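Mind looking over this structure? Questions follow.
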Amino acid sequence: TMATIRQRIAGVTTMVPLLVALLYGVGVSNAQTTIGATVVTDPQDITVIVGQREEFQLKVRGALSQSVVFNFSDEHSDLVSVSPSTVAINPPATGGFIDKEYDITLLGLSPGQFDLIGEILPKGAIDDALGFIRVTVANSKAIIVISDVIGWIYFVAWTISFWPQMIINYRRKSVVGLSFDFLALNLIGHSLYAAFNLSLFWSVYIEDEYFDRNARGLNPVLANDVAFSIHATLATMLTLGQCFIYERGDQKVSRYAWGIMGIYVIVVLVAGILVGTETFHWLDFLYVLSYIKLSVTLVKYIPQAVLNFQRKSTVGWSIENVLLDFTGGMLSMLQMLLNGYNYDDWASIFGDPTKFGLGLFSVLFDILFIVQHYVLYRNRTDEKTFKDESTDTNTTTTSTGGSADSLP
């Protein structure tokens, strides 16, 4: 239809200045253009150490017929010194097309993270939509390196933490002692987390929605987030598969867990309906999935702790999984504290305590499991106990009720 054609033409028109900026930024073409000049910063992210200087470039390219001035905002002058803070941009004497770079120096004064924004005067003479740079001022370069190393260590710890449980199940040919409620809730959480990460990382449509709301932001989902969530989902599915082929006694998913998962299904369906009625955007739908993942983290450990208490044993529950999760959780919180100091970003911890609070919550449960395994029920870890609990369905493993033929 004509309306569709007009929309597509409008979309192409609005993309042209951005394409010009991108072509200029990567040096794809040096051909002149009749499109108005565009100003961009290169790079658009920079880290400065307090007391040190870093440089970036202000690049101007396109048709320019008048002299203009580019002013950097002084909103964050207490964090960084910009030199020069004002750049005079004049059209070349040989013609109306400008292709020029200006060196800008930043001096770190105090730690912080912010967007350094610039503005063209007179307004509208040059497209300055990309005339900004994300600045991070840090106290110490060494802390940045340490934080990165810690990040990789806890990423590896959390990634391999899924495997000890599967190895124990394989060796015992039994899943007795592993809470099916924990497993089911874990699968729900990681599946929704994977859906969120995959959509925001690979879907151009979803990413555009995100940048519409966060014009100068970065995509919060990185490649390692996608890899971790996919691995976690597949590993949990493999563990679930073991529940169908190995001895499981009379364990099954409890009605309480089914009830919680039922609530999650209803929430997802309602969110989907809201998207269908255009009350929600798809990004809002994905945020709902992420909130469900957070709630799963709050409740998923409870069934396993209760099962251990009822059985007075941790046999069948991998302590290696707990130790790796504990290591990852402690290092994750340590990294947040280091970054809070290095960037003076305590608000990300105390102003919005969700991430830190969830990490602390998981660590506290890990401590409980460690106490159960090494203190309270330390005498029930021998091979005879393995055999007894795998063959005798009338022992204390009857905590979740049901029969041996019940589906997990």
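May I ask you to evaluate 6.51 cos²θ - 1.76 cosθ + 1.60, the Karplus curve with θ = phi - 60°, for each residue of segment 177-194 and list the ³J(HN,Hα) values in order in whole Hz, giving x for glycine and proline?
Using θ = phi - 60°, the values come out as x, 9, 5, 5, 4, 4, 5, 5, 5, 4, 5, 4, x, 5, 5, 5, 5, 5 Hz.
Provide, for q = 0.09, 0.11 Å⁻¹, the log10 of I(q)/I(0) from a solvent-free Debye sum over equal Cα point scatterers in segment 141-400.
Each listed q maps to, in turn, -0.47, -0.68.
Let me ask something additional. Please list, ordered by chain and number, the residues whose modelled amide H lies under 5 Å from the amide H of residue 89; skip anything fewer than 5 residues away on the same chain.
68, 69, 70
Over segment 299-360, how many percent of alpha carbon pairs lie in each 5 Å bin up to the one with the longest distance?
Result returned by the calculation: 4, 16, 18, 19, 13, 11, 9, 6, 3, 0.
Quick one: Kirkwood hydrodynamic radius for segment 155-253, alpha-carbon pairs, angstrom, one decimal?
On the way: mean 1/r = 0.0659 Å⁻¹.
Roughly 15.2 Å, rounded to one decimal.
Provide the per-residue ³J(HN,Hα) series for segment 44-51, in order, calculated from phi with Karplus coefficients 6.51, -1.76, 1.60 and θ = phi - 60°, each as a whole number of Hz, with x at glycine and proline positions.
Here the 3J(HN,Hα) series is 9, 9, 8, 10, 10, 8, 4, x Hz.
Using C-alpha positions alone, give me the convex hull volume of segment 217-372 per residue in cubic angstrom.
On the way: hull volume 24.5 nm³, N = 156.
About 157 Å³ per residue, rounded to a whole number.
Could you compute the FRET efficiency for residue 214 and residue 378, with r as their C-beta to C-beta distance and R0 at 41 Å, rounded to 0.05?
Numbers: r = 50 Å, r/R0 = 1.23.
Calculated value: 0.25.
Further question: Can you list residues whose amide H is under 5 Å from residue 280's amide H, if they're 5+ apart or on another chain and H is modeled 1.01 Å from N?
Amide H neighbours of residue 280: 275.
Then there's this: Residue by residue, what Karplus-based ³J(HN,Hα) values in Hz, rounded to whole numbers, does segment 322-339 have, using 6.51, -1.76 and 1.60 with θ = phi - 60° and x for Gly and Pro?
These are the phi-based 3J(HN,Hα) values: 5, 5, 5, 5, 4, 4, x, x, 5, 5, 4, 5, 4, 4, 4, 5, 4, 5 Hz.
What percent do you get for the relative contact order of segment 141-400 when only Cα pairs under 8 Å and 6+ apart count?
Values: 297 pairs, mean separation 88.1, N = 260.
Relative contact order of segment 141-400: 34 percent.
Using a basic spin-label model with each label point 7 Å from the Cα along Cα→Cβ, how many nm lie between residue 364 and residue 284?
3.3 nm
Same structure, new question: By how many nm would the segment from residue 99 to residue 310 grow when fully extended, if each residue of separation counts as 0.36 nm and the alpha-carbon distance is taken off?
68.6 nm
Here is the link list: 252/293; 252/355; 173/312; 173/293; 100/123; 312/355. Which ones come out longer than 27 Å on Cα distance? Kindly include the intermediate steps, with their values, before the conclusion.
Numbers: 252/293 22 Å; 252/355 31 Å; 173/312 21 Å; 173/293 30 Å; 100/123 20 Å; 312/355 32 Å.
Correct reply: 252/355; 173/293; 312/355.
Then there is this: Report the full-extension gain for the segment residue 171 to residue 88: residue separation times 0.36 nm, less the Cα-Cα distance, to one decimal in nm.
Values: separation 83, 0.36 × 83 = 29.88 nm, distance 7.27 nm.
Answer, rounded to one decimal: 22.6 nm.
Computed from the coordinates by the stated procedures, all read-outs in this text should not be read as laboratory data. Bear in mind the structure is a predicted one, so any value in this text is a computation, not a measurement. Counting neighbours? That spans all protein chains shown, and the Cβs are built from the backbone with ideal geometry, glycine included.
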